[in-house]
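Visitor: Can you keep this structure in mind? I'll have questions shortly.
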Amino acid sequence: MTLNIRVIAPDKTVWDANAEEVILPSSTGQVGILKGHIPLLTAIDIGVMRVRIQKEWQPIILLGGFAEVKDNKITILVNGAEEVSKIDIKAAQENLEKATKILNEAINDKDKIEATQNLRRARARIQASNVLAN
């Protein structure tokens, strides 16, 4: 028995597959889900979801949303998602450095919030690329 995982963005279904395990980037930390997990509703943060299929881990970048776990089905509604295979690690590192600089220079609250979100996306891209490399 496996978990059915569906990741749905506003414009498309990003992921719809079965897996043995999933690790979600929740707003309170990472949450690991195995078959038989109790029902759960959690907020999803910007970060990397890791899915284990036949002993292989596959990362997907989630850009915030909500997840519901019930009856070995995980439905994740996200603001957006990114495929890791399309990430250029050098460009991701440059974006991380740029986002860090912009956050340090931000003056008002709006700019700080926007810069923080960009920094978190950049970190998630680096983290996801590292999952693929291992």
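Readers should treat all values here as calculations from the given coordinates under stated rules, not as data from a laboratory. Everything numeric here is computed off the predicted structure, so don't read it as measured data. Don't worry about glycine lacking a Cβ; one is built from the backbone with ideal geometry, like all the others, and counts go over all protein chains shown.
Visitor: Got a number for residues in segment 81-118 being more than 23 Å from residue 60 (Cβ to Cβ) and assigned to a helix (DSSP H, G or I)?
Guide: Adding up the residues that qualify gives 15.
Visitor: Moving on. Considering every residue within segment 91-108, establish whether at least one is touching a residue at least 24 places away in the same chain (Cβ under 8 Å) and under 11 Å from the mean Cα position of the chain (by Cα).
Guide: Checked against the condition, which is being touching a residue at least 24 places away in the same chain (Cβ under 8 Å) and under 11 Å from the mean Cα position of the chain (by Cα), segment 91-108 yields no hits at all.
Visitor: Taking segment 7-41 as the region of interest, how many residues are of a type outside the set (Gly, Ala, Ser) and under 13 Å from the mean Cα position of the chain (by Cα)? Give the derivation first.
Guide: Of segment 7-41, the ones of a type outside the set (Gly, Ala, Ser) are 7-8, 10-16, 18, 20-25, 28, 30-31, 33-35, 37-41.
Filter again for under 13 Å from the mean Cα position of the chain (by Cα), leaving 7-8, 14-15, 22-25, 30-31.
Counting residues in segment 7-41 that are of a type outside the set (Gly, Ala, Ser) and under 13 Å from the mean Cα position of the chain (by Cα) gives 10.
Visitor: Then there is this: Consider residue 32 against the criteria (1) without any contact (Cβ under 8 Å) to a residue 12 or more places away in the chain; (2) not in a strand (DSSP E or B): it satisfies all of them except one. Which criterion is unmet?
Guide: Result: residue 32 passes all but (2).
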